[in-house]
Amino acid sequence: MSSPAVSLYLDPQIRDWVLFPITLVMILVGILRHYVVLLLQSSPKKLPKAAIREQRALARSQILRATSANSSIPPTFYRSISIHLAAAFDAGTYLKDGPPKGDAPSTPPNPMSDPAAMDGMMAGMKTQMVMMVPQMVIMGWINFFFQGFVLIKLPFPLTLGFKSMLQRGIETPDMDVRWVSSLSWYFLNFFGLNGLYRLILGSDNSAADSSQTMMASPFAGAGGQPGQPQDYVKLFKAEKDNLAFAEGTYSWMGDDVETRLLRKYGKL
Amino acid sequence: MSDPSSSAAAQLLYAPNVQHNTLTLTSIKFISSCFAGCVAGILGLTNLAGFGLFLISMLWAAFCVYVVCCKGKPGKYMPSAIGASVVAAGTGKGNKSGNGNGTGLMELLNPGTDNAFTFVLVWTLFYGIVHVYD
């Protein structure tokens, strides 16, 4: 809301050789990053049969109890599947390493010693590096070549607190904060191009979420990789309880279907 | 099973279709925010007028999607946040109302931070090109 008195005249060369190149470079680097991440991703390893059986048993039980409130499975079959799964979970038939022996406390495997988990962590780190390095390089490039002049005027006012950040390298204390340097244009691009990446690269591209990962701690994503070892003994125990609960809420969608049908057509 | 229709509705959402709808909606919002940015920049709107244009254009886009794409029943095409969490958690006992009205409205109206930033970017770009340089 400043007075419209001051208006700078910017050289059109700045527009042609700074504004457009920065935008273009950022778009292209985003696309490049997407494909580099695709190349770096190692194909998922084949799991042994026992490990898949372990996961599938859990998934099967989850599907069964997710639909239990309005199940399409008739009561006899539901009960038999449920009882069979519960017994198998109890006995540990589907466990990767066979049923637990005795009552020795099961210790979760150390993720550092397991080579598979280590690979997952390395892949996460690589992805993070591919995210981080181009941003650093572009920022350095902009700082080196395009520092010290005003690039563009924001169409909305900002508070004076932004002045030191958005006008770094421009020593004019009285200038309106709306005139900003090329680094601010970089940040605008950085946050604004996510939607474009999503449009041209698909929804699960690796270019779009760069700003979110930048905002968070850069290596936070590496810890929660899917290769995290899980204690299936405990999971199976919990799943058994859940199955028992689900049996309480079970009801067949075909209950009283003949009455409902007759009532629907007004015969009752 | 106190309310059979609600739990049935929660299970009848097929996840890939919901995903596709959400993706389409995101694209529509992105494109509309881009065009809103262009219009705001070329018209030379500043300050609140520009953000007002963004708001109006997003509301208009949401209204168009509501009428044209969802045929007035957004709940049939996209789960509200609570419905999605129920489907994801797999409990199937959400309190999602199955009448198909008013459930998907939040998803239609929420422009998303990405699109807001995109709007600011395009707005600034066109404002700069048209009104600041020459």
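Calculate, for A:Thr172 and B:Cys64, the FRET efficiency according to 1/(1 + (r/R0)^6) with r their C-beta to C-beta distance and R0 30 Å; round to the nearest 0.05. Result of the calculation: an efficiency of 0.10. Taking amide H positions as modeled 1.01 Å from N, with prolines and chain starts lacking one, the residues under 5 Å from A:Leu151 and 5 or more places away or on another chain are A:Val180, A:Ser181, A:Ser182. Among the residues of A:153-162, the average count of other protein chain beta-carbon atoms within 10 Å of the residue beta-carbon is 5. Please give the FRET efficiency for A:Leu8 paired with A:Leu261, using the beta carbon to beta carbon distance and R0 = 51 Å, rounded to the nearest 0.05. For R0 = 51 Å, the calculated efficiency reads 0.05.
Shielding value for B:109-121 is 5, the average number of Cβ atoms from other chains within 10 Å of each residue's Cβ. Packing, taken as the mean count of other beta carbons within 10 Å per residue, orders the peptides A:157-167, B:33-43 from highest to lowest as B:33-43, A:157-167.
Listed by Cβ neighbour count within 10 Å, with the fewest neighbours leading, B:Val18, B:Val120 appear as B:Val18, B:Val120. The simple spin-label model puts a point 7 Å past each Cα toward its Cβ; for A:Val233 and A:Leu268 those points are separated by 5.2 nm.
By the beta-carbon count within 10 Å of each Cβ, the least crowded to most crowded order of A:Trp179, A:Trp17, B:Trp123, fewest first, is A:Trp17, A:Trp179, B:Trp123. Our estimate of slack between B:Leu23 and B:Leu48, defined as 0.36 nm per intervening residue step minus the Cα-Cα distance, is 6.1 nm. Approximating the spin labels as points 7 Å out from Cα along Cα→Cβ, the A:Phe77-to-A:Leu38 distance works out to 4.2 nm. Close amide H contacts of A:Leu10 (hydrogens built in the peptide plane, cut-off under 5 Å, sequence separation of 5 or more or a different chain): B:Asp134. Here B:Lys29 is the anchor, and the lysines within straight C-alpha reach of less than 20 Å, apart from those fewer than 8 places off in the same chain, are B:Lys71, B:Lys73, B:Lys76. For A:Ala88 and A:Phe145, what is the calculated FRET efficiency with R₀ set at 45 Å and r taken between the beta-carbons, to the nearest 0.05? Working from the Cβ atoms, E equals 0.10.
All of the numbers you see were taken from the coordinates with simple rules; none came from a lab. None of these values were measured; they are calculated from a predicted model. Every residue, glycine among them, receives a Cβ derived from its backbone with ideal geometry; neighbour counts consider all protein chains shown.
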